[in-house]
1. Those residues that are of a type outside the set (S, T, N, Q) and farther than 22 Å from VAL155 by Cβ, I need them from the range 482-499; list them, please.
2. Just a yes or no: is a residue in the range 467-489 surrounded by 18 or more Cβ atoms within 10 Å (Cβ to Cβ) and in contact with a helix residue (DSSP H, G or I) (Cβ under 6 Å, 6 or more places away or on another chain)?
3. Could you please find all residues in the range 490-500 being over 12 Å from ILE421 (Cα atoms) and either without any contact (Cβ under 8 Å) to a residue 40 or more places away in the chain or crowded, with 20+ Cβ neighbours inside 10 Å (or both)?
4. Please find, within the range 283-333, the residue that is surrounded by the fewest Cβ atoms within 10 Å (Cβ to Cβ) out of those that are aromatic (Phe, Trp, Tyr) and in a helix (DSSP H, G or I).
5. Only one of these conditions is not met by ARG286: (1) more than 36 Å from the chain's Cα centre (by Cα); (2) of a type outside the set (A, V, I, L, M, F, W, C); (3) closer than 17 Å to GLU205 by Cβ. Which number is it?
6. So LEU483 clears everything in (1) over 24 Å from ARG133 (Cα atoms); (2) part of a strand (DSSP E or B) except one condition, right? Which one?
7. Whether any residue in the range 195-213 is at pLDDT below 90 and hydroxyl-bearing (Ser, Thr, Tyr) is what I want to check.
Amino acid sequence: MRSARWVISGILCLIFLLTSSLAAQEKIREDVTVTVVEVPVRVLLKGQPVRDLGREHFKVFENGVEQEIIQFQVISRQIEGGPTPGPAGRTPRLFLLIFNIYDYGPAVGAAVDDFFRDVFRPGDSIIVLTEDRVLNVERGQGLEDFVAGLKDVLVKFKSISTWSTTKSFRDLDYESDRLLNTLQDTGGGQAMVTSLDQAIVQFFENYRRVWEVYRNQFLLPDLNFYELLLRKIKFFEGEKWAICFQQREMFPMLKKSAQLDIAIENWMGSQVNPQDQVKARLVQARQEDLRRSFDFTASFSPDLLGDLFLGADMTFHLILLKSSRTVFSQNFELREVGQDFEAMLKKISVSTGGHYGFSNRPGDVLREAVRKEDYHYLLVYSPREVPNDKKRTIEVQVDRDGVDITYLKRPSSAGPDHIAITEVKATGQSLSFSIGPCRMLTVDGRRRGSASVKLILYNEATEKVFDEGRTFELIKETTRLSLNLEKLEPDNYFLIIEAVDLVAGATDVYNGNIKLGRLPQGFRE
């Protein structure tokens with residue numbers, strides 16, 4: 001922890017996640033008094049889109065009540081080629097690049113290169129996600145520098161985010177060795193039975209804790225984060241594509257028939273008197289709890305995340321990559337743990353008209369994805385009666401036998417207000433950035449808001465060199481903060497800023513590289 005001087009200045013500007021024009025578009029839409037619901041529907045027969053359907057073939061129900069379809073549209077789109085450019089130029093395109101990876105390797109670097117060489121074109125908007133965080137890369141440079149910067153940010157972020165998990169794996173391996181030695185020393189006898197049952201239970205509980213931290217950090221998506229992000233992306237006027245680079249997830253699993261596994265089973269089977277058998281059953285219960293925790297079906301519903309992409313009118317392409325991780329242990333072996341999760345992602349890809357495939361040459365799958373046609377129907381209705389509760393469900397029926405249909409099942413909710421961290425700038429050894437818009441309340445005739453901000457800096461060796469947070473009382477919706485970091489050496493740093501609008505409950509996180517230097521003599525910011 002190092003001290004820093006925070007300076008606050010209010011600025012009157014309009015800030016939004018992607019471009020300033022999007023906020024105006026959202027305001028226009030919010031002012032419309034007529035509520036309409038857009039329902040994208042994809043109809044497949046043996047995996048191929050059914051193309052000859054009209055409005056008369058569809059029925060839409062909300063909470064069981066049939067709705068009148070007031071608009072009907074047939075949509076066909078694909079990344080390659082794209083729509084015919086209009087008079088103002090090409091149709092705007094937004095790409096959401098999702099890197100669900102544990103480690104950065106050559107295949108991930110190749111995926112970045114393939115996208116920017118074969119898919120990206122000038123004018124495209126890019127949002128990069130990893131571990132449910134937006135990664136920020138400097139824009140005012142050439143494409144080659146931008147790609148190099150993106151790779152650098154990914155490498156640094158992953159080295160920081162995986163450090164604690166790697167340490168937990170290592171500690172767990174040490175614990176397993178100690179437990180095995182203890183079990184072998186007692187020979188399964190009764191001398192240490194009391195401490196042994198507690199030691200085994202503690203081992204299984206620690207194992208489950210490490211797994212759940214890993215699962216939540218690298219596998220299960222944060223639905224609240226995606227809801228906020230995709231609700232804002234919805235107002236982007238143009239094509240919206242998500243490309244998810246999903247690395248096959250590997251996790252150290254206890255080797256079946258390894259010495260530790262055999263020793264635990266032998267200990268449980270050797271307990272003969274009733275009291276010791278109760279302890280053995282408690283150990284077995286913890287063992288079963290651990291095994292059940294590896295089941296994803298109870299932790300995540302693909303329909304919820306799929307609805308968010310459908311509601312944002314975004315096609316989701318999935319590219320599966322092999323993991324290059326290794327582990328050396330007498331008790332553990334790396335095994336794939338994300339098969340259920342991958343199946344859920346594939347379901348999202350199908351429901352949004354996307355493509356999925358596995359290859360350690362991601363360019364092969366990417367070329368297939370950009371040629372994939374997303375053919376679907378858009379049904380629009382105005383609810384006959386908007387219910388007061390939030391449990392609104394949609395059902396679509398198609399007058400065609402033997403087809404599979406996917407569609408939006410829940411109307412988009414309003415969600416929390418949006419706060420954004422923008423205009424991040426390092427000048428000399430000073431760092432400044434803006435947060436807002438924040439929700440304001442009128443108290444005693446004055447408008448006031450409140451926000452908390454936390455700032456973390458890592459050096460090139462991924463060591464944390466700065467960690468400080470403050471809470472601010474605000475007098476304007478948008479506020480600019482400045483920090484004097486003169487105690488830090490001039491160097492390159494990886495920056496994380498976390499901001500929370502304490503009134504609205506909305507959050508934003510900034511992740512990116514910055515360079516601190518010394519100001520020229522006589523120069524002041």
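1. First, the residues of the range 482-499 that are of a type outside the set (S, T, N, Q): 483, 485-491, 493-499.
Listed by number, the residues that qualify are LEU483, LEU485, GLU486, LYS487, ALA499.
2. Checked the range 467-489: no residue is surrounded by 18 or more Cβ atoms within 10 Å (Cβ to Cβ) and in contact with a helix residue (DSSP H, G or I) (Cβ under 6 Å, 6 or more places away or on another chain).
3. From the range 490-500, those over 12 Å from ILE421 (Cα atoms) are 490-495; that's our starting set.
If the condition is that a residue be over 12 Å from ILE421 (Cα atoms) and either without any contact (Cβ under 8 Å) to a residue 40 or more places away in the chain or crowded, with 20+ Cβ neighbours inside 10 Å (or both), then ASP491, ASN492, TYR493, PHE494, LEU495 are the ones that fit.
4. If we filter the range 283-333 for residues that are aromatic (Phe, Trp, Tyr), which is where we start, we get 294, 296, 300, 309, 316, 328, 332.
Right, trim to in a helix (DSSP H, G or I) and you get 296, 309.
Details: PHE296: 19, PHE309: 24.
For the range 283-333, the residue satisfying everything is PHE296.
5. (1)
6. (1)
7. Yes - at least one qualifying residue is present in the range 195-213.
Yes/no per residue for (1) modelled with pLDDT of 95 or more; (2) under 22 Å from VAL41 (Cβ atoms):
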{"residue": "ALA369", "(1), (2)": "yes, yes"}
{"residue": "LEU378", "(1), (2)": "yes, yes"}
{"residue": "VAL386", "(1), (2)": "no, yes"}
{"residue": "LYS390", "(1), (2)": "no, no"}
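The values are calculated or read from the model by the stated rules, or taken from the named source; none is laboratory data. Note that the structure is predicted; figures quoted are calculated from it, not measured. Cβ atoms come from the backbone with ideal geometry, glycine included; neighbour counts cover every protein chain shown.
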